[in-house]
Amino acid sequence: MEGAPTPYDDSLVDDPAAEAPDLDVPSWVEPAEDEARRGRGFLPRGRRGPGPDLLPAGEGIDPTEEEPEEPTQAVLPPGPDRVTHKRILINAIDPEEVRIAVVENGQLEELYYERPNEKKYLGNIYRGRVVNLEPGIQAAFVDLGIGRNGFLHVSDVLPAYKDAAAIPMDNLSARFPDRKRLRIQDILRKGQEILVQISKDAIGAKGPSLTTYVSVPGKYLVLMPGVIRHGVSKRIHDDGERSSLRDKLSQLNPPKGVGYIVRTAGQSRPQADLEKDFQYLMKIWEEIRAKVAAGSNSSLVYAESNLVTRTMRDLSGQDVT
């Protein structure tokens, strides 16, 4: 990819399941302008699992793929004469497990569960510290302050960290067209502080998987600090609607180094709704930056919401009762 990206790129899609410059995405990192975003997304599709916001098997997101933040909708798309009735059923009576079912036209489409007594880390954002580099597997191990180091593969590291390794608090804006050739030992250094997000929970003896491509999902938008491109979900197929959303996007005023995606839930929404969601996400991001700037050790700077809150954020709408 050459040159600066266009402001609104139809090829770009969501998500992360992701959410760090000058402390413009904390002090350590400024986004590479032409860097295609990868990172975490959020969501198991249509099967029993830990919740609607979770990432599949530690994979990062790719802006050339479809939006990963949202659950798959109906198995059969509604025809012109078919009325869709969707309901969200929440069972929170059992103190050991919260269950949520999505029922469409009388059929179970999705089932999620969460155990309140179990600590959840997926989607959380941490100020971390690199404790070890493993060139053999091109990965770094990062102290998160949770008693277990996270695993960070080179493919999930913003290339701008290459200069940050030499000057941690520098304001970076360099481009890295040969990203695939970068090695973990060239990008990070032991003891370096970085902003990371958990993309996959720990399993057995393995620690959680991490990404530096942070993203924060809202109801209609996904905020992506460290990425300066904006777009509309590919799952919105209508050309007229896409054009309308691009016009609405042009009226938002994001700061430098912050990108965003319109989720499918954002289609047909008025400008005021998108603006409100954008301001809400920017407030969260400013709080994250403030915590990063104030801290000196590995620590949590953003905690993902619980299952019920995520479900109401991601699945509720005019077609849901």
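Scan Ile288, Ile261 and give me the residue that is among the β-branched types (Val, Ile, Thr), in a strand (DSSP E or B) and crowded, with 20+ Cβ neighbours inside 10 Å.
Details: Ile288 fails: in a strand (DSSP E or B).
Criteria check complete, one pass: Ile261.
Could you grab me the full set of residues in the range 236-254 that are closer than 29 Å to Ala160 by Cβ and surrounded by fewer than 12 Cβ atoms within 10 Å (Cβ to Cβ)?
Scanning the range 236-254 gives Ser250, Gln251, Asn253.
Being closer than 16 Å to Val196 by Cβ and touching a helix residue (DSSP H, G or I) at 6+ places or on another chain (Cβ under 9 Å): is that true of Glu275 here?
Numbers: closer than 16 Å to Val196 by Cβ: no; touching a helix residue (DSSP H, G or I) at 6+ places or on another chain (Cβ under 9 Å): yes.
When the stated conditions are applied, Glu275 does not pass them.
Residues of the range 141-159 being farther than 14 Å from Ala205 by Cα and among the charged types (D, E, K, R), which ones?
Asp143, Asp156
In the range 117-143, what residues are under 18 Å from the mean Cα position of the chain (by Cα) and not basic (Lys, Arg)? Full working, then the answer.
Initial filter on the range 117-143 (under 18 Å from the mean Cα position of the chain (by Cα)): 120-128.
Once the filter is applied, which keeps residues that are under 18 Å from the mean Cα position of the chain (by Cα) and not basic (Lys, Arg), the range 117-143 yields Tyr121, Leu122, Gly123, Asn124, Ile125, Tyr126, Gly128.
Would you mention how many residues in the range 180-204 are among the acidic types (Asp, Glu) and in contact with a Ser or Thr (Cβ under 9 Å, 6 or more places away or on another chain)? Steps first, answer last, please.
Let us first name the residues in the range 180-204 that are among the acidic types (Asp, Glu), namely 186, 193, 201.
Retained after the next criterion (residues that are in contact with a Ser or Thr (Cβ under 9 Å, 6 or more places away or on another chain)): 193, 201.
Residues meeting the conditions: 2.
Suppose the filter is buried (at least 20 other Cβ atoms within 10 Å of the Cβ) and either over 22 Å from the mean Cα position of the chain (by Cα) or at pLDDT below 80 (or both); does Leu223 pass it?
Numbers: buried (at least 20 other Cβ atoms within 10 Å of the Cβ): yes; either over 22 Å from the mean Cα position of the chain (by Cα) or at pLDDT below 80 (or both): no.
Judged against the criteria, Leu223 is not a match.
Answer yes or no as to whether Val308 is in a strand (DSSP E or B) and among the aliphatic types (A, V, I, L, M).
Numbers: in a strand (DSSP E or B): no; among the aliphatic types (A, V, I, L, M): yes.
So Val308 fails the test.
Applying the selection to the range 291-321, what residues are at pLDDT below 80 and among the hydroxyl-bearing types (Ser, Thr, Tyr)?
Result: Ser296, Thr311, Ser316, Thr321.
Specify the residue that is farthest from Asp314 (Cα to Cα); the eligible residues are those in the range 248-261 that are over 13 Å from the mean Cα position of the chain (by Cα) and of a type outside the set (Gly, Ala, Ser).
Quick first cut of the range 248-261, residues over 13 Å from the mean Cα position of the chain (by Cα) only: 248-257.
When the remaining residues are screened for being of a type outside the set (Gly, Ala, Ser), the result is 248-249, 251-256.
Numbers: Lys248: 21, Leu249: 20, Gln251: 24, Leu252: 21, Asn253: 24, Pro254: 22, Pro255: 25, Lys256: 27 Å.
Top of the filtered list is Lys256.
Can you name the residue in the range 117-157 that is closer than 17 Å to Val308 by Cα and out of contact with any Leu (no Cβ under 9 Å at 6 or more places or on another chain) and is also surrounded by the fewest Cβ atoms within 10 Å (Cβ to Cβ) among such residues? Break it down stepwise before answering.
Quick first cut of the range 117-157, residues closer than 17 Å to Val308 by Cα only: 117-124.
Narrowing further to those that are out of contact with any Leu (no Cβ under 9 Å at 6 or more places or on another chain): 117-119.
Details: Asn117: 7, Glu118: 10, Lys119: 9.
Residue satisfying both the conditions and the ranking: Asn117.
Quick check, is Gly231 modelled with pLDDT under 90, over 30 Å from Pro95 (Cα atoms) and either aromatic (Phe, Trp, Tyr) or in contact with a Leu (Cβ under 8 Å, 6 or more places away or on another chain) (or both)?
Working: modelled with pLDDT under 90: yes; over 30 Å from Pro95 (Cα atoms): yes; either aromatic (Phe, Trp, Tyr) or in contact with a Leu (Cβ under 8 Å, 6 or more places away or on another chain) (or both): yes.
For Gly231, the condition - modelled with pLDDT under 90, over 30 Å from Pro95 (Cα atoms) and either aromatic (Phe, Trp, Tyr) or in contact with a Leu (Cβ under 8 Å, 6 or more places away or on another chain) (or both) - is met.
For the range 184-240, please list each of the strands (runs of 3 or more DSSP E) lying entirely inside it that holds at least 3 residues being farther than 12 Å from Val157 by Cα. Break it down into steps so the answer makes sense when it comes.
Details: elements: 193-200, 209-211, 221-225, 230-232.
Hits in the range 184-240: 193-200, 221-225, 230-232.
Give the residue that is surrounded by the fewest Cβ atoms within 10 Å (Cβ to Cβ), with candidates limited to residues of the range 291-313 that are under 18 Å from Gly150 (Cα atoms) and among the polar types (S, T, N, Q).
Asn297
Conditions (1) charged (D, E, K, R); (2) touching a Leu at 6+ places or on another chain (Cβ under 8 Å); (3) under 30 Å from Glu104 (Cβ atoms), marked per residue:
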site	(1), (2), (3)
Ala265	no, no, yes
Gln271	no, no, yes
Asp277	yes, yes, yes
Arg310	yes, no, yes
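From the list Asp273, Asp247, exactly one residue is among the acidic types (Asp, Glu), at pLDDT below 90 and in a helix (DSSP H, G or I). Which is it?
Values: Asp273 fails: at pLDDT below 90.
Checking each option against the conditions leaves just Asp247.
The values are calculated or read from the model by the stated rules, or taken from the named source; none is laboratory data. Everything quoted here is computed from the prediction, not taken from an experiment. Note that we place each Cβ from the backbone using ideal geometry, even for glycine, and neighbour counts take in every protein chain shown.
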